[in-house]
Structure formats: C-alpha cells, structure tokens
1. Determine the distance separating the Cα centre of the stretch 125-140 from the Cα centre of the stretch 1-32; give it in Å without decimals.
2. Have a look at Ala57, Ala42, Ala27 and tell me which one the Gaussian network model of the chain (Cα, springs below 10 Å) gives the largest fluctuation.
3. Find the percent of Cα-Cα distances in the chain that exceed 19 Å, and round it to a whole number.
4. I want to check the label-to-label distance for Asp153 and Asp90. Put each point 7 Å from Cα in the C-beta direction and report it in nm to one decimal.
5. Once a ≥ b ≥ c are taken as the square roots of the eigenvalues of the Cα gyration tensor of the stretch 85-172, is the result rounded (a/c under 1.5), prolate (a/b larger than b/c) or oblate (a/b not larger than b/c)?
6. Determine how large the accessible area of Val21 is when every protein chain is in place; take a 1.4 Å probe and give Å² rounded to the nearest 10.
7. Looking at the chain only, what percent of DSSP beta bridges run antiparallel? Nearest 5 please.
8. Length gain on complete extension for the stretch Arg31 to Val52, per 0.36 nm per residue less the alpha carbon to alpha carbon distance?
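The values are calculated or read from the model by the stated rules, or taken from the named source; none is laboratory data. Owing to the predicted nature of the structure, the values given are computational and were not obtained by experimental measurement. FYI the Cβ positions are ideal-geometry reconstructions off the backbone, even for glycines, and counts take in every protein chain you see. Surface areas here come from the heavy atoms of the whole protein model, side chains and all, with no ligands, DNA or RNA. Shrake-Rupley method; radii C 1.70, N 1.55, O 1.52, S 1.80 Å.
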Amino acid sequence: MISVRDFDDLAALSVFQFLDVDDRREAELTRGQGGPLIGLWADWRAMRSAHVLSIVAHVSEAPASTAFAVLALGNTGQAGVAQAALIARDHTKFRRPLAELALTIRDEMPRFCLERGIHRIEARAWADHPRASRFLDAVGFTHEADMPGFGADGAVTFRQFAWLSPDLQQGA
C-alpha cells in the first residue's frame, strides 16, 4: 500500500540517491549534462516555490516505509495550465507501487485541478524511456507530439503529453 506525503527533503533525497537508470538518463538529457544525483535533487528542490503540488510517494513495508517517487506540479505562467514531473526509484522493483500511484493520480487529478482552476497539465517524456509514456497513458494523459531537437547536441526527442479537465473534454 502506498501513501502520498508532502515534500520532505530527506525522503525526496532518498529517491534521488537511488533513481531508476532511465529516469536518471532522462533528467540528464533534460539538463543537457550529467552530474551527481545531489545536483538533480538540488535543482528539484530549488523549484519548489513554483510548485502547486510537491509530494513524495512512499510504500509501506513493516515496520517502516520507503520513499519511491517524487512528484511535482508546477506553474507554467499560463492561466489554467500546469506542468507535471515525476521521478522514481527502480521501476522494476517498485512496479506495483508505481502502478498504484498512477491510479491514485488518475483518480484524484480531476478534483485537485478543479479546486485550483487547472484545466490542462502538460508533461514531457524522453521518447526512448521504456516506461514513461505508458505511465502517462495510465494516468490519463494523451500523447500530443514527438518533439526532436532536445539535448546538448539536439539529437534527443521528447514526447509531449497533456491531460485535459474532463469538463473540457465533455464540451469538445
């Protein structure tokens, strides 16, 4: 069983210290460089003031719990639009908790967004990440476009996904 808690420095750091190899590669491609995991954590933490939501997901394992994912929903500067990012530990080891987290996000997102006036959430995923696109699909995001030209040499493709409020989808 999972629990979702407010962002906590140490819990988040424990996720970043043991990142899934593909999540780490995606983060490095996003930044255009590699580097120590503490640097990724520091970048994430520095953006907290722009987050609408910043949480750490834990899986309960008696007698303690283990943090396995960090999720942020941030302002884009556009009315009604937010951006989402998630980073996790080993996706194979934490497969079941990640699936449970996807269902929790999918079920809670409409109410959460309605309360905050968010009508659209955007997320990008490295096109070669073996699981990120499937996770976004499971959460309820729709693939919008493949976007080449990312990375330090421009050779990386990212996929653009978006979630739209069910109210907007019904009106379409």
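1. The two parts, judged by their Cα centres, are 16 Å apart.
2. Ala42
3. Working: 8352 of 14706 pairs.
Result: 57 percent of Cα pairs exceed 19 Å.
4. 3.0
5. Cα axes put the stretch 85-172 in the oblate bin.
6. Approximately 110 Å² for this residue.
7. Details: 36 of 39 bridges.
Here the share of antiparallel DSSP bridges comes out near 90 percent.
8. Working: separation 21, 0.36 × 21 = 7.56 nm, distance 2.19 nm.
So the extension gain works out to 5.4 nm.
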